[in-house]
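Engineer: Sending over a structure as structure tokens; questions will come in a sec.
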Amino acid sequence: MSIRLYSYWRSSAAYRVRIALNLKGLDHEIVPVSLAPGVSEHRGDAYRAKNPQMLVPFLEDGELGIAQSMAILEYLEEAYPGVHLLPQSEPLRSRTRAFCNMIACDIHPLNNLRVMNYVKTNFDADPTGDWYTHWIHEGFRAAEILAGDGPFVFGDEVTLADVFLVPQMYNARRFKVSLDEFPKLTAIVDNCNELTAFEDAAPESQSDASS
């Protein structure tokens, strides 16, 4: 087995890659890296030597090491094209990329654990309330419009758009964000979560869950 994914069960970025590896049917090893306060394995010297950002996910494929979920997923598309998660024709290919980046660049960073901890520590504010809800709603309002009417974000086939949406919806539900405005997104995520690839990638299905 050449593929190793350094992952934390609650990391939505790592969750994306776990889903993609499952959808592509790629044999891989999950290496848990705890981000839990008081443990912080990602800040240890051994992991820092692999990834100076000290973030997960980090993927190793033989001698190659890649950080950042979008870069990992683009690599998997190029290196293992047997199952395509990026549509092969335009404009759907670019629309899928844009949908992914809307989540990865505009929603997720503002609700990332590091950011929330900084807001709480330095501004004495609770980021799990209005802050979290605001940024989820800001992004999901656009996503609800952009999503099609099929069972998945862009029709009848799973794409990277679904791979990015499901973990973000998981986080929204975890923090009890109201999702009444987003019936299409909610239905899409429920459809995805019926698939084994998504179920096996879910946080609670990981060996390090609750650690």
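Engineer: Looking only at residues that are farther than 18 Å from G25 by Cβ and of a type in the set (D, E) in region 55-73, which one is modelled with the lowest pLDDT? Before you say what the answer is, go through the steps one by one.
Structural biologist: If we filter region 55-73 for residues that are farther than 18 Å from G25 by Cβ, which is where we start, we get 55-58, 60, 62-71.
Add one more test, that the residue is of a type in the set (D, E), and what stays is 60, 63.
Working: E60: 98, E63: 94.
Out of the qualifying residues, it is E63.
Engineer: Given region 118-211, what helices (runs of 4 or more DSSP H) lie entirely inside it while holding 3 or more residues that are in contact with a His (Cβ under 9 Å, 6 or more places away or on another chain)? Outline the logic, then answer.
Structural biologist: Details: elements: 132-146, 160-174, 183-192, 196-201.
Result: 160-174.
Engineer: Exactly one condition in (1) surrounded by fewer than 18 Cβ atoms within 10 Å (Cβ to Cβ); (2) under 25 Å from V83 (Cβ atoms) is false for I188; which is it?
Structural biologist: The one condition I188 does not meet is (1).
Engineer: Still on this model: Using the structure shown, decide if M102 is in contact (Cβ under 8 Å) with a residue 24 or more places away in the chain, in the same structural domain as E144 (by TED's automatic domain parsing), under 18 Å from the mean Cα position of the chain (by Cα) and part of a helix (DSSP H, G or I). Spell out the reasoning first.
Structural biologist: Numbers: in contact (Cβ under 8 Å) with a residue 24 or more places away in the chain: yes; in the same structural domain as E144 (by TED's automatic domain parsing): yes; under 18 Å from the mean Cα position of the chain (by Cα): yes; part of a helix (DSSP H, G or I): yes.
Yes: the conditions hold for M102.
Engineer: Looking at Y15, Y8, Y47, can you tell me which residue is crowded, with 19+ Cβ neighbours inside 10 Å, farther than 18 Å from E204 by Cα and not assigned by TED's automatic domain parsing to the domain that holds L110? Please lay out each step first, then the result.
Structural biologist: Working: Y15 fails: farther than 18 Å from E204 by Cα; Y8 fails: farther than 18 Å from E204 by Cα.
The unique qualifying residue is Y47.
Engineer: From the residues in region 159-176 that are of a type outside the set (K, R) and surrounded by fewer than 21 Cβ atoms within 10 Å (Cβ to Cβ), which one is farthest from the chain's Cα centre (by Cα)? Don't jump to the end; show me each part of the working.
Structural biologist: Keep residues of region 159-176 that are of a type outside the set (K, R), which gives 159-172, 175.
Narrowing further to those that are surrounded by fewer than 21 Cβ atoms within 10 Å (Cβ to Cβ): 170-171, 175.
Numbers: Y170: 10, N171: 10, F175: 16 Å.
Taking the candidates together, the pick is F175.
Engineer: Something else about it: For region 74-93, state whether one or more residues are farther than 28 Å from P52 by Cβ, modelled with pLDDT of 95 or more and aromatic (F, W, Y).
Structural biologist: Scanning region 74-93 turns up no residue that is farther than 28 Å from P52 by Cβ, modelled with pLDDT of 95 or more and aromatic (F, W, Y).
Engineer: Also, quick follow-up: Which one is nearest to S7 (Cα to Cα) among residues in region 28-72 that are among the charged types (D, E, K, R) and touching a residue at least 40 places away in the same chain (Cβ under 8 Å)? Spell out how you get there, then give the answer.
Structural biologist: Within region 28-72, the subset among the charged types (D, E, K, R) is 29, 41, 43, 45, 48, 50, 60-61, 63.
Filter once more, keeping what is touching a residue at least 40 places away in the same chain (Cβ under 8 Å): 50, 60-61.
Working: K50: 13, E60: 12, D61: 14 Å.
Among those that are among the charged types (D, E, K, R) and touching a residue at least 40 places away in the same chain (Cβ under 8 Å), it is E60.
Engineer: Looking only at region 54-79, count how many residues are of a type in the set (S, T, Y) and touching a strand residue (DSSP E or B) at 6+ places or on another chain (Cβ under 6 Å).
Structural biologist: Of region 54-79, the ones of a type in the set (S, T, Y) are 69, 75.
From the residues that got through so far, the ones that are touching a strand residue (DSSP E or B) at 6+ places or on another chain (Cβ under 6 Å) too are 75.
Result for region 54-79: 1.
Let's see how each residue does on (1) within 24 Å of V56 (Cα to Cα); (2) without any contact (Cβ under 8 Å) to a residue 24 or more places away in the chain; (3) touching a Cys at 6+ places or on another chain (Cβ under 6 Å):
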{"residue": "D130", "(1), (2), (3)": "no, yes, no"}
{"residue": "H134", "(1), (2), (3)": "no, yes, no"}
{"residue": "P151", "(1), (2), (3)": "no, no, no"}
{"residue": "D162", "(1), (2), (3)": "yes, no, yes"}
{"residue": "I188", "(1), (2), (3)": "no, no, no"}
{"residue": "A197", "(1), (2), (3)": "yes, no, no"}
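Engineer: Please report, ordered by residue number, the helices (runs of 4 or more DSSP H) entirely within region 4-95 with at least 2 residues that are of a type in the set (S, T, N, Q). Steps first, please.
Structural biologist: Values: elements: 12-23, 45-50, 69-79.
Answer list for region 4-95: 12-23.
The values are calculated or read from the model by the stated rules, or taken from the named source; none is laboratory data. Quick caveat, the model's predicted, so the values are computed rather than measured. With ideal geometry, Cβ positions are generated from the backbone for all residues, glycine too; neighbour counts draw on all protein chains shown.
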